[in-house]
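**Student:** I have a structure here, written as structure tokens, and I will follow up with some questions on it.
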Amino acid sequence: MRFYLIIDRASSEISGFRALTKFSNLLQIAWFKEFIVKKLLCAASFGIALAFSAGAQAADKIAVVNVGEIFQQLPAREAVAKQLENEFKNRASELQRMETDLQSKIQKLQRDGSTMKSSERTNLEKEVMAKREEFGKKAQAFEQDHRRREMEERNKILSRIQDAIKVVAGKEGYDIVIDANAVAYSVSGKNITASVLKQVK
């Protein structure tokens, strides 16, 4: 009997300058590692199911595996977090600089706008709008590229886990393998998490 890995590809949208400002506050380099690991782990724990044929008989040999636990214990996840941190840190720093400059000009406009000459205020307003638009485009591109790379690296790890599950299931003669985090009910079956973890390492 064949079993397959199903992955939910959840996505998020950036909307409006307030959301972009909030997003940019998350671009601290020290934050990257924890953020990436948490997102990857969340995706592995709740977005994966090992599906099987609906025609399975009661006599089928069933096993249970905790994919999220395996993912969490894999050394590869730390390596992925570090890799993505290094890959995007220059762009993150650039966005931080852009945000600082933009906020400075907004504050100046709010503070001095009423006393500025009309032409000076108009020029500053135009500059703020242009920088806001540029920041928004770059922040959105950053998020899209980061999400794409994160998905690519996550899928590589999940593929390794899936391969390990197939090997263990084949050796031990299981017909059905169910992810413990992807079912809304309990099933009776041997937990092969430790064996899969050993195999994937």
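**Student:** Do we have A63 as outside any helix (DSSP H, G or I) and either modelled with pLDDT of 90 or more or surrounded by 14 or more Cβ atoms within 10 Å (Cβ to Cβ) (or both) here?
**Tutor:** Spelling it out, A63 is indeed outside any helix (DSSP H, G or I) and either modelled with pLDDT of 90 or more or surrounded by 14 or more Cβ atoms within 10 Å (Cβ to Cβ) (or both).
**Student:** Which condition breaks for Q199 when tested against (1) over 30 Å from S93 (Cβ atoms); (2) in contact with a strand residue (DSSP E or B) (Cβ under 9 Å, 6 or more places away or on another chain); (3) buried (at least 17 other Cβ atoms within 10 Å of the Cβ)?
**Tutor:** Checking Q199 against (1) over 30 Å from S93 (Cβ atoms); (2) in contact with a strand residue (DSSP E or B) (Cβ under 9 Å, 6 or more places away or on another chain); (3) buried (at least 17 other Cβ atoms within 10 Å of the Cβ), the one that fails is (2).
**Student:** Another question, if that's okay. Mind checking which residues of region 142-196 are open to solvent by 50 Å² or more (accessible area, probe 1.4 Å), part of a helix (DSSP H, G or I) and of a type in the set (A, V, I, L, M, F, W, C)?
**Tutor:** Within region 142-196, V167, A194 qualify.
**Student:** Can you tell me which condition K137 does not meet? The list is (1) modelled with pLDDT under 95; (2) farther than 30 Å from Q73 by Cβ, and all the others hold.
**Tutor:** All conditions are met except number (1).
**Student:** Please find, among G68, G113, the residue that is open to solvent by less than 20 Å² (accessible area, probe 1.4 Å) and within 27 Å of E172 (Cα to Cα). Even if it seems obvious, please write down each step before you answer.
**Tutor:** Numbers: G113 fails: within 27 Å of E172 (Cα to Cα).
When all the criteria are applied, what remains is G68.
The values are calculated or read from the model by the stated rules, or taken from the named source; none is laboratory data. Remember, predicted model here, so these are calculated numbers, not experimental data. Neighbour counts run over all protein chains shown; Cβ positions are idealised from the backbone, glycine included. All accessible areas refer to the heavy atoms of the entire protein, side chains included, with ligands and DNA or RNA removed. Shrake-Rupley method; radii C 1.70, N 1.55, O 1.52, S 1.80 Å.
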